[in-house]
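All remarks here apply to the structure that follows.
Taken together, the values in this text are just the output of simple stated rules run on the coordinates, not laboratory data. These numbers come from a predicted model, not from an experiment. All Cβ positions, glycine included, derive from the backbone under ideal geometry; neighbour counts span all protein chains shown.
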Amino acid sequence: MNFPLGSVVQYRGRPWVVQDREGEALRLRPLGGGEDHALLVHPLVAQKIPWERLEPGRFPPPRPEGITSPFLYRLFEEAATLLLRESVAPLRSISKVSVRPRPYQLVPLLMALRLQPVRLLIADDVGVGKTIEAGLVVRELLDSKEARRVAVLVPPHLMEQWVYELREKFALEAVPISPATLARLERDLPPGQNVYTHYPVQVISIDFVKHPRHRPLFLESRPDVVVVDEAHGAVGGPRQENQMRYTLVRELAEDPNRHLLLLTATPHSGIPDAFQRLLGLLHPEFQGWSLEDLTEERRARLARHFVQRTRRDVLENWEGGRLFPERIAREVTYLLSPEYRTLYDTTYSYARKLVRTGEGLGETQRRFRWWAALALLRAVMSSPRAAQAALARRQARVGEDLQDTPLEAFAPQVFEAGDLPADDEVPTPLLTLAGEEAEMELKEEPLRALRRLAQALTPEKDSKLQGVIAQVRKLLEEGHEPVVWCHYVDTAEYVAEELRKALPGVAVAAVTGRMDGELRREAIAELMTKSPRVLVATDCVSEGINLQAGFSAAIHYDLPWNPNRLEQREGRVDRYGQPKPQVVVVRYYGGDNPMDRAVLEVLLRKAEEIRNALGIHVPVPREEAYVVDRMVRRLFYSSGAQPLLLPEAEEVEREWQMDVERERKTRTRFAQWALKPAEAMAALKDSDAVLGTPERVERFVLEALERLGLRPEAEGNGVYRIPLGEWLRDLEARGLGSLAELLVRAFPRVALPLGQTLGRRQEERTLRLAFQDPVPEGALYVGRNHPLVVGLARYAFERALRREEDFGRYTALRTSGVDRVVYLYLLRPRYLLRLSRGQAGGEVLGEEVLSVAYRGGELLPPEETQAFLRLSPEDNVPKEEAQVHLERALRFFSEGQEGIMEVLKSRARKLQEDHRRVRQAAQMTGRVEVVPADLPDLLGVRILVPKRG
């Protein structure tokens with residue numbers, strides 16, 4: 001027996017809908033359940049087992065004894081809408097994501113719907129929401145069957161962040177593929193599969209899969225969609241690692257049918273021709289185009305694939321009100337104490353001698369000494385503890401032979417290269433080798449003296465530490481929760497310990513590279529449950545964890561030596577979703593510390609001038625050459641002759657200025673003026689009409705909670721306060737423990753350790769919820785796919801199906817708004833969406849919840865139906881009378897199937913027009929067709945009876 005997509009079958013004693021096909025197997029979803037209850041059934045196997053047999057089925061009609069009040073019936077109606085996951089609206093992805101995208105964040109998705117294949121360079125500013133924009137495109141391609149497998153290529157330090165974002169925001173369970181996870185994943189593989197073919201959504205370390213040992217197998221797996229994050233680091237450069245990344249991504253782009261999303265906030269990375277190579281990944285022809293003299297036709301072609309917007313663009317052209325916080329920058333100085341000054345001067349003398357005695361050496365040896373001198377100074381000026389660690393480890397020789405180690409391998413120990421992960425350990429091997437290589441006359445005795453000076457520098461004598469304690473205290477008094485950024489683990493742990501002593505009652509946590517990614521995330525999540533709080537972190541956090549929900553200030557305890565890193569740090573709190581109207585960033589430095597002054601003058605202030613002029617960050621080209629040259633020249637040759645240390649450094653500065661001008665032009669040209677806000681708003685409105693608006697979600701949650709005995713308190717500004725603990729215990733006592741457990745999982749921050757019983761797990765804790773995004777400070781966002789909404793919707797829907805707790809599937813009310821009896825049928829129609837573009841696409845199932853009015857033997861137009869839905873009850877209808885009306889309503893529905901199908905066909909034509917409008921039929925290749933799949937489910941009936949007299 002054939003069961004087409006969208007048909008209803010009877011299986012295991014209940015009705016199911018055929019949701020999809022996977023080979024010969026049918027994917028069934030229970031008509032009264034969600035995606036988590038879906039299963040695969042092979043028809044041939046089912047037919048051979050009597051109790052597993054598949055039969056044609058239908059959704060059962062309401063029963064006469066299932067009458068309910070108008071209030072509970074409305075909860076049932078809303079629950080049915082909020083449980084929809086296979087949306088028939090043009091943007092199918094919206095039904096499965098847990099974020100409420102802003103109209104400007106829909107632009108890449110709307111661009112993608114007009115391309116085949118999808119080739120996009122998304123270069124929006126830091127903190128605008130590129131992950132959300134890319135996630136929507138990926139979700140849409142999967143939900144429309146234009147893709148089956150997705151590979152997200154990221155730097156290793158961003159893997160966990162992407163896995164988390166895909167799971168929490170887009171309901172996509174991605175597996176991380178890296179050297180650390182490969183063996184475990186391979187153990188779970190079925191025969192004949194590999195990790196790239198078996199898992200549908202993968203987050204892959206680009207530095208793992210680029211290797212010649214792994215690249216061929218990955219390329220053979222032919223993923224349908226490839227997302228490349230930090231794409232500027234994958235288009236070549238002087239390091240072999242960059243060239244291997246580019247080889248991998250270029251080979252992926254050569255498949256003309258593959259969807260490719262390139263994400264970067266800095267497309268002009270400063271590497272010559274890198275931007276052209278990025279464009280060439282979109283289309284080979286683009287690589288030869290010069291942006292300086294694009295024709296209008298070429299500019300229009302490129303604009304279909306390239307979007308680049310600053311925050312200023314978004315605010316001025318897309319959004320009213322406040323989306324991003326105002327960044328308040330402060331510069332705060334401290335003066336070195338006499339003890340710290342002695343330590344610095346002594347260290348400086350040693351480092352200067354190391355540099356000056358190497359002037360006659362070859363370039364590699366000279367540069368090695370520069371790096372070592374800078375690294376030693378940096379560790380000493382970070383903190384006494386980092387100084388002790390550097391000097392102690394310097395005295396203990398490194399056992400392994402590092403003499404043949406390439407110079408670039410030590411790069412992360414000196415400065416923060418934009419394309420390398422952060423290294424927050426004191427640079428042991430570099431300092432050891434430099435001392436041994438220099439063969440300095442007094443190399444051991446000066447270092448022992450330095451170590452004694454560092455040990456004598458107690459926290460009380462550490463003016464840098466005492467100054468930051470005062471700054472943290474000030475920010476806390478202003479209502480901010482600060483992040484204190486340190487360069488080294490030793491410094492972060494030292495600062496955290498002293499802050500705890502100085503600020504009793506303040507929660508302080510140190511999060512560093514000595515913790516794995518999951519432990520870092522857990523530590524931050526735990527800290528965010530406490531207030532007031534301070535996070536002390538190294539740059540491993542600046543690369544992969546967004547902090548805007550819990551922190552609103554940043555203090556640079558150690559100034560970074562790369563403006564790119566400064567932007568990364570501040571961008572953790574200064575981004576979309578920050579609930580505070582302002583964030584404070586404190587550039588903290590020694591007023592009499594020559595090293596800090598050098599960093600400020602040659603690096604950070606120039607970058608800040610660019611940011612203020614353009615509203616964006618432009619990275620430093622060829623970072624190593626520029627940073628090392630400028631720092632060595634400023635620190636060790638500030639008086640007397642300054643040799644030309646690195647000839648390319650002057651050229652780098654010119655390139656930086658050229659990049660600034662290029663960035664200014666491209667951001668003006670490719671901010672996507674062709675897509676208007678009204679177009680994005682219309683697409684979002686189409687989705688809201690099917691899935692429910694945030695206002696409907698808010699009303700449903702508040703009414704459902706009230707039904708369950710909890711009355712949320714309105715605080716104003718859209719925030720509601722809910723005392724969760726006692727209420728959960730009450731739910732358990734009423735036999736609703738499963739709902740209570742779901743709510744505990746929905747709000748893990750209010751849960752105590754899971755080993756305790758539910759009654760003891762919840763203390764008297766209060767939740768603050770909001771239904772609009774971005775959320776006010778201290779509140780949790782609750783959208784239609786939040787576990788709270790899903791749990792309450794399932795509670796109301798399932799109780800109505802089972803006729804429990806006074807819920808039911810029909811209601812009757814008297815109203816003066818009608819002069820004859822009106823039957824409002826609550827339908828759940830299913831449609832087949834035939835979406836095709838070239839070879840891609842297929843037939844997918846779409847659903848909606850629809851009310852249709854019947855009066856006097858005829859079906860009424862939609863506008864009259866909406867008017868009837870707004871009528872309020874003015875009097876009750878006796879149960880016996882209501883049952884008579886229900887019997888008539890069911891008879892009329894059965895006899896009027898032909899008319900119902902005509903209504904659905906008309907509705908399908910409207911939906912088809914919406915799909916075509918969004919995709920701009922004149923530009924798309926392929927077709928869109930929407931047709932009713934079968935008779936709709938009759939979920940319920942609202943009966944309007946004329947008021948007597």
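Figures for the structure shown
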| read-out | value |
| --- | --- |
| Sites E864 and R21, calculated FRET efficiency, Cβ-Cβ separation with R0 45 Å, nearest 0.05 | 0.70 |
| Amide hydrogen neighbours beyond the local backbone of D20, cut-off 5 Å, H modeled | R27 |
| Highest average packing first - 685-694, 570-579, Cβ atoms within 10 Å | 570-579, 685-694 |
| Exposure proxy ranking, count of Cβ atoms within 10 Å, fewest first, for F170, F893 | F893, F170 |
| Relative contact order (%) - criterion: Cα under 8 Å, at least six apart; region: the stretch 1-58 | 33 percent |
| Of G513, C486, A470, farthest towards positive along the dipole that unit charges on Lys, Arg, Asp, Glu beta carbons give the stretch 454-583 | A470 |
| Note, ³J(HN,Hα) from phi for the stretch 859-868, Karplus 6.51, -1.76, 1.60, rounded to Hz, x at Gly and Pro | 7, 9, x, x, 5, 6, 4, 4, 5, 5 |
| Extension reserve of the F71-R514 stretch, reckoned as 0.36 nm per residue once the Cα distance is removed | 154.0 nm |
| Length released on extending from L294 to E478, taking residue separation times 0.36 nm less the Cα-Cα span | 61.2 nm |
| Relative exposure of K580, K145, K210, judged by other C-beta atoms within 10 Å (fewest first) | K145, K580, K210 |
| Nearest-0.05 FRET efficiency for E522 and R452, computed from C-beta distance (R0 45 Å) | 0.70 |
| Loop-located GluC sites (Glu not before Pro) in the stretch 166-256 whose Cβ has at most 11 other Cβ within 10 Å (DSSP) | E173, E254 |
| Pairwise label distance in nanometres, K461 with R500, each label 7 Å out on the Cα-Cβ vector | 2.5 nm |
| Other-chain or far-sequence residues with amide H under 5 Å of V201's (modelled H) | V150, V175 |
| Paramagnetic reach from I49 in the stretch 10-35 [backbone N under 12 Å; point 7 Å along Cα→Cβ] | 12 |
| Amide proton proximity set for V719, modelled H, under 5 Å, gap of 5+ | none |
| Karplus-derived 3J(HN,Hα), 6.51/-1.76/1.60, for each residue of the stretch 111-124, Hz, glycine and proline x | 5, 5, 5, 9, 10, 8, x, 6, 10, 10, 10, 9, 10, 5 |
| Using a Förster distance of 22 Å, the FRET efficiency for F892-D819 (Cβ separation, nearest 0.05) | 0.75 |
| Spin-label pair A470/R802, simplified geometry with 7 Å Cα→Cβ offset, distance in nm | 6.5 nm |
| Size of electric dipole in the stretch 98-311: Cβ of Lys, Arg +1 and of Asp, Glu -1, about Cα centre, debye, nearest 20 | 240 debye |
| Least to most buried among H480, H198, H37 (fewest other Cβ within 10 Å first) | H37, H198, H480 |
| Of K169/K580; K474/K580; K685/K879; K353/K501, pairs whose Cα-Cα distance is over 28 Å | K685/K879; K353/K501 |
| Calculated from backbone phi, Karplus (6.51, -1.76, 1.60) coupling profile of the stretch 485-496 in Hz, x at Gly/Pro | 8, 10, 8, 10, 4, 4, 5, 4, 5, 5, 5, 4 |
| Over the stretch 481-527, relative contact order from alpha-carbon pairs under 8 Å, at least 6 apart, % | 30 percent |
